Structures are given as C-alpha cells and as structure tokens.
Amino acid sequence: MARKPFHFFRSAAPPDPTPPAEEEDNYLEDYFFDEPGAMPGTLSIEADAPPPTIILIDYQPDQATRRILETPEECGPYLSSPSVSWIDVQGIGDEDVMRRLGQVFHLHPIVLEDIVNVPQRPKVEDHDDYMVLITRMVTPKENEHGFYTEQVSFVLGQHFLLTVQEEPERDCFDMVRQRIRTSRGIIRRYGPDYLAYALLDAIIDGFYPVLEDYGERIEELEDAVVTRPSRAILEEVHQVRRELLALRRAIWPQRDAINAMIRDPSPLLSEEVRIYLRDCYDHAIQVLDMVETYRELAASLMDVYLSSVGNKMNEIMKILTIISTIFIPLTFIVGIYGMNFDPDTSPWNMPELEWYWGYPACWAVMLTVAGSLFFFFWRKGWFKSTTSLDPLETER
C-alpha cells in the first residue's frame, strides 16, 4: 500500500464548530438507559448530534500518514496492516454510518450500543479480538467557569485503535497527534496499546486544568461568604458543588477501569504498557483526591455561609440593642416629665416643673446618661464589627 508523508487538511464540509446560542449545562445528567422492553442493540441518537467524521492516522517508526475517510468500509484494510492505525470518529449523529462502522470492526451490537447511546458509565470490557474502554473527557471552558464533558470510547485491537468522540469541536488529544506527527518520544515505536495509554493519559491529565479553576473559585468563595454573604454567593456555592459531583461521577469509575486494565491479563496489552498504565492510575487517584477535597471544602462553605449570616444578624441585633439601651433611660425621664402633676397641690408633685433652668437641666441629665452608656459600651468593645475580617489579622 502506497504511503504519503504526514499532512493535515480539512474535509470538504467540516462540521460547524460554533456551539448553539443557548446551550444548557446539565452536570448531573443520568447515564443512558433503554426504554423498558427495548430490543438489545437499539441505537438511540439525539437529533442534534453532529454527523461523524472519520479521521485515519496510520504510522510506523519511520513515517506517518493522516487522511479523512469518506466511508467506514475504507477502514477495513487497516485493521490487519503491520502499521498502527488510529481511526478517530468525531461525532455519532448518523445511525447508518455507525452501524456500518460496527460491521467493519466486527463489534457486538451491545458494544455498539454502549458507544452510540451516550452517556455510559466509564468501564472496560475484554472481548475475544478487541478491548472496549468507555471514558469521560472534560475540557475547560475558554472564557467562563465550568467545563465541557463528553464520552470517548476506545476499541483496541491487535493493530488498530478505534476512538469515537461524542463531540467534534474539542478534545485533549492535540499533544498526542503532535507527538505522532513529529515522531517525538517513543509513541511511534510501540503498538496501539501504547497509543491507547497515551490518549487515556491525556484524558486524565485534562482534569487538572479544570480542577485548578475550581481551586481558585473556592478560594474566592471562601472570602465572599465571610465578607459579603448573599443569595448570589449561596447559589454559586451550590453550582460548584453540583459541578464537582459531576467530576466525581466521571473520574471514580474511570479509575476502576484503569485498575482493571492493569490487574486483568490481556493479550492486547503488553507488560511494558501496563507499567505506564500504573502511572495513569496514579494520576486518576490524584484527580479523585483533589475532587473529594474540593467537595469537602465546598460543603464546608455552606456552614461558613450560615455562620456569616448568623454573625451578621447578631451584629444587627447588637446595634439595635445598644440603641434601645441608650434610649430606655431617656424615655423613662421623658415619660416622667410628661405626666400631668400639679406642683401647687403638693411640694412633692414634681417641683422641678417650676425651676427656671429645669428644661436645660433635663437635657443635661439625658445627655449625660446617654454619653455615659455610649462610653461604657465603647470600652466593652461592643461597637467593633464581628462580620468582617481585618486584613492584617488574616495575614497573621
């Protein structure tokens, strides 16, 4: 078979990379389930799913070729070639193409159903001639918080690797493609099992930028819930908790799947690649630990928020109590002099009413009482705020 140098080009009608104007983020979407009584192997494809584009990267130690295949049947000659063939299917929006693809690769209908009916729980299955790995890939959003998530399916054979991506707009495989194109590292000297490891490792490492963003968001929320607790801050804390739960649902079964690939022997995975998979498993453990840590921090933010709201309410009640305490004796004095006593009837009937300086004396007494109480509360430190943090105390 004639081979050409490695080159990249666009297809005649590439999919529109612009996402819909109103795209809803459902971080807590359930896994796919069949309708009760549905026939096994039934394919359920969303109406807005992008059509598939089949990209072939075929390489050997000394050369590599990339081309876009027009039909699934063009993949057939590469399944048993001595070179490593990476068939990357981007998009699942054509049922006929996906069924023909399953026929070319001799995929069991249940396997094809797991690949097409998304989302599935990450898992690994070892069949006679191929191994199936279902994963979840996350990529951070460019100009806002949050992330995109999609399913990526692997079908590993003796001389090929089939990957099926749910969305064609984005992935985290560019570094792997660059290594193949430039023959950097050892990827060209190994088989499709090492390629599967490299792609899986890229998926796991793709969690780190997302988690870095959540670490910064949680730090900002920690300051916000203490200094300016509000309903908007509370809603953002809830949103962070939901998104972290989605990350946990993605990485937890993925870790178990990698562990199964390391533990269970398979002729499709060499012992040397299993060693590399151990490093990938360690990264999955680190990601899971970070997700659990951030989930605990996000949960603790709720307690901090309630404490901050309680402190703010106590601060308001304290100010009202101080004001009431200062005016209680003044109200008492005014209330006494507001009573209708007649000093002509008895010298004990408030003789102060006839004093020449009675009115200024009454004001002097009230101001003295109010000032004394104000000074007493100030010395006690009751006017100091308890709902805001001193920057110097925070640094210490």
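Only the coordinates and a few stated rules stand behind these numbers; no lab work does. Just so you know, these numbers come straight off a predicted model, no measurement behind them. With ideal geometry, Cβ positions are generated from the backbone for all residues, glycine too; neighbour counts draw on all protein chains shown.
Determine, yes or no, whether Leu330 is surrounded by 14 or more Cβ atoms within 10 Å (Cβ to Cβ) and under 30 Å from Asp129 (Cβ atoms).
no
Considering region 122-145 alone, what residues qualify as being within 28 Å of Ala47 (Cβ to Cβ), touching a strand residue (DSSP E or B) at 6+ places or on another chain (Cβ under 9 Å) and surrounded by fewer than 17 Cβ atoms within 10 Å (Cβ to Cβ)?
Across region 122-145, the qualifying residues are Lys123, Lys141.
Could you please tell me which pairs satisfy a Cβ distance under 6 Å, a separation of 6+ or placement on different chains, a first residue in region 145-168 that is closer than 24 Å to Pro77 by Cβ, and a second residue that is polar (S, T, N, Q) and part of a strand (DSSP E or B)?
Close Cβ pairs (under 6 Å, with a partner that is polar (S, T, N, Q) and part of a strand (DSSP E or B)) amount to Phe154/Thr163; Phe160/Ser85; Val164/Ser153; Gln165/Gln90.
Got a number for residues in region 84-113 being among the acidic types (Asp, Glu), out of contact with any Gly (no Cβ under 6 Å at 6 or more places or on another chain) and more than 22 Å from His159 (Cα to Cα)?
Summing the residues that are among the acidic types (Asp, Glu), out of contact with any Gly (no Cβ under 6 Å at 6 or more places or on another chain) and more than 22 Å from His159 (Cα to Cα) in region 84-113 gives 3.
Take Ala299 and tell me if it is more than 30 Å from Phe377 (Cα to Cα), among the small types (Gly, Ala, Ser) and surrounded by 15 or more Cβ atoms within 10 Å (Cβ to Cβ).
When the stated conditions are applied, Ala299 does not pass them.
To keep it simple, each residue is scored yes or no on (1) over 30 Å from Asn259 (Cβ atoms); (2) not in a helix (DSSP H, G or I).
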| residue | (1), (2) |
| --- | --- |
| Thr293 | no, no |
| Ser308 | yes, no |
| Ile316 | yes, no |
| Phe327 | yes, no |
| Ile336 | yes, no |
| Pro347 | yes, yes |
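Note down all Cβ pairs under 6 Å where the first residue falls in region 56-71 and is under 28 Å from Asp94 (Cα atoms), the second is basic (Lys, Arg) and in a strand (DSSP E or B), and they're at least six residues apart or on different chains.
Partner pairs satisfying both residue conditions: Leu56/Arg67; Ile57/Arg66.
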